[in-house]
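Let me begin by presenting the structure, written as structure tokens, before commenting on it.
No value in this document is a laboratory result; all are computed from the given coordinates. Since the structure is predicted, the reported quantities are computational estimates derived from the model, not experimental observations. Every residue, glycine among them, receives a Cβ derived from its backbone with ideal geometry; neighbour counts consider all protein chains shown.
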Amino acid sequence: MENAKTPIEILLVDDDPQICNLLGGELERIGHRVVTRMSGSGALAELRNREFDVILLDIKMNEMDGMQVLEAVKKMGSLSEIIMLTGHGTIDRATEAMKLGAYDFLTKPCKLKKLEIVLQKAYEKKVMHTQNIVLRDLVSPRWSETFIGKSKAINDVLSVVDKIAPSDAPVLLQGESGTGKELIARMIHTRSRRHDQAFLAVNCGLLQEQLLASELFGHEKGAFTGAVQSKPGLFEAADGGTLMLDEVSETSSSVQVSLLRVLQSGEIRRVGSNTVHRVNVRVISATNQNLTERVQQNRFREDLLFRLNVVTIEMPPLRERPADIPLLAEHFLNQTAYQAEKKTLLPETIQVLKRHHWPGNVRELKNVIERACLLSDGPQIRPEDLALTPEQSGEDDGELETLPLSEIERRHILRVLRHHGGNKSQAAKTLGISLKTMYNKIESLNLRV
């Protein structure tokens, strides 16, 4: 028999040592990883320490029968799929076991070929179940791998993407907010060998430490207040696929330690558990901060940085790729659903867009185009429809050319804040940045509205 395509983690539970030795040996021979236990209590003790993909469980055992073990496993919240092993005289009990949550049953002695088919199907169900728990609100059809742009800066980025996508090397994407880091991460995934597996993304800056640890690594029932049931984390859900860690610079020291462990060994532990789960995940990280400076400030682990930046891609800000602005503007114009009629950009409007400094980058440009579609009266979008101040539209370039970039950024964010009457949430949306980034900018640039 051919080796298994995917090694399955199997717990074989049977009080017959001959079956454990023969069946366990055959499954290992074709490439699976098998742990055998000859009692129900021994199996439950093993399950408290680690998770398995599939449990092969004999119904008729002396100390604790398979039905009792099945019920105990379900109460533990294990995601393992269970296949019952039964003699001809206990088929009725096997059917009852399926009603209690077993995946299937096989009569002994079972043929290895049939067992392998049922094992593979059970494994696929387990993987799908794990992913679905986390993916319910994450799957979105709005993403494609198209990246709009023809500038040299973007062509250089895409050239690197083509070279590294087929590998499993960790990637670090660096660049300002709104430059398209997640879109590039998705492109890397879709062009990789993992393209038919899950791509998941999490913004590490939006969650406090405990919630982020739970989101990434999962948690056990009762691990903290509100943990009413066990839940797998994103690393488990992305097993075989890709996980993007956005704003990785915002992670706490304890989360960084856990990230280092999974990058080094491929092992995770859910919050509140000592059970080790092995995962195979490609990690793509993103940040708008200088991680080397954070290491020097003792705010980021140097060993973690070395693990994350095997390949580093610098995302160019929009102001450094003015040739792409008309293409992007036209793309967003065609995407906008608000317009009852097709609208176009006047040549002078395009010039205003090209002169703008875009601190919010592509995300800000998208917001400006959508707003202009709403504000413009006719079929053509004029410069005034962009609702940019003279300073924003670059009409005072003579002065701006002599100012440091930080001062230009400070002035623009201040103008947007004042435009929204100090409403930070609305200002962040206009600028195309997260609310947390907005607060960070207010503090770092010492803004007073």
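Over all alpha-carbon pairs of region 9-133, lay out the pair-distance distribution in 10 Å bins, whole %, shortest bin first.
The percentages, shortest bin first, are 13, 51, 33, 3.
Provide the percentage of antiparallel DSSP beta bridges, counting only those with both residues in the chain; round to the nearest 5.
Bridges in the chain are about 10 percent antiparallel.
Can you compute the charge dipole magnitude of region 279-369 about its Cα centre, using +1 on each Lys and Arg Cβ and -1 on each Asp and Glu Cβ, nothing else charged? Give it in debye, rounded to the nearest 20.
For this selection, approximately 160 debye.
Along the charge dipole of region 251-296, pointing to its positive end and built from +1/-1 on Cβ of Lys, Arg, Asp and Glu, which listed residue (Ile268, Asn288, Gln256) has its Cα farthest out?
Working it through, the farthest residue towards the positive pole turns out to be Ile268.
Sort all Cα-Cα distances of region 152-314 into consecutive 5 angstrom bins from zero, then give the percent of pairs in each bin up to the one containing the longest distance.
For region 152-314, the pair-distance distribution reads 2, 9, 18, 22, 21, 15, 9, 4, 1, 1, 0.
Only counting other Cβ atoms within 10 Å, I'd like Ser151, Ser258, Ser41 sorted with the fewest neighbours first.
Exposure proxy ranking, most exposed first: Ser41, Ser151, Ser258.
Work out the length of the dipole vector of region 9-133 about its Cα centre, built from +1 on the beta-carbon of each Lys and Arg and -1 on the beta-carbon of each Asp and Glu, and round it to the nearest 20 debye.
Computed about the Cα centre, the dipole is about 260 debye.
Checking the table Lys99/Lys231; Lys121/Lys163; Lys114/Lys163; Lys163/Lys441; Lys125/Lys429; Lys99/Lys121 against a 30 Å threshold on Cα-Cα, which pairs fail?
Too far apart for the 30 Å limit: Lys121/Lys163; Lys114/Lys163; Lys163/Lys441; Lys125/Lys429.
If you work out percent of Cα pairs over 27 Å apart from the coordinates, which of [x] 62; [y] 50; [z] 57 do you get?
Comparing each candidate, only [x] matches the computed number.
With θ set to phi - 60° and the Karplus curve 6.51 cos²θ - 1.76 cosθ + 1.60, what are the ³J(HN,Hα) couplings of region 10-15 in order, to the nearest whole Hz, using x for Gly and Pro?
So the J values, rounded to whole Hz, are 10, 10, 9, 10, 7, 7.
For region 209-257, state which chymotrypsin sites (Phe, Trp or Tyr not before Pro) are in a DSSP loop and have at most 12 other beta carbons lying within 10 Å of their beta carbon.
none
Determine the sum of side-chain charges near Pro109: Lys and Arg each +1, Asp and Glu each -1, restricted to other residues whose C-beta is under 15 angstrom from that of Pro109.
The answer is 0.
Using alpha carbon centroids, what distance separates region 183-259 and region 409-430, in Å?
Cα centroid to Cα centroid, the span is 31 Å.
Determine the distance separating the Cα centre of region 98-118 from the Cα centre of region 288-359; give it in Å without decimals.
A separation of 53 Å, based on Cα centres.
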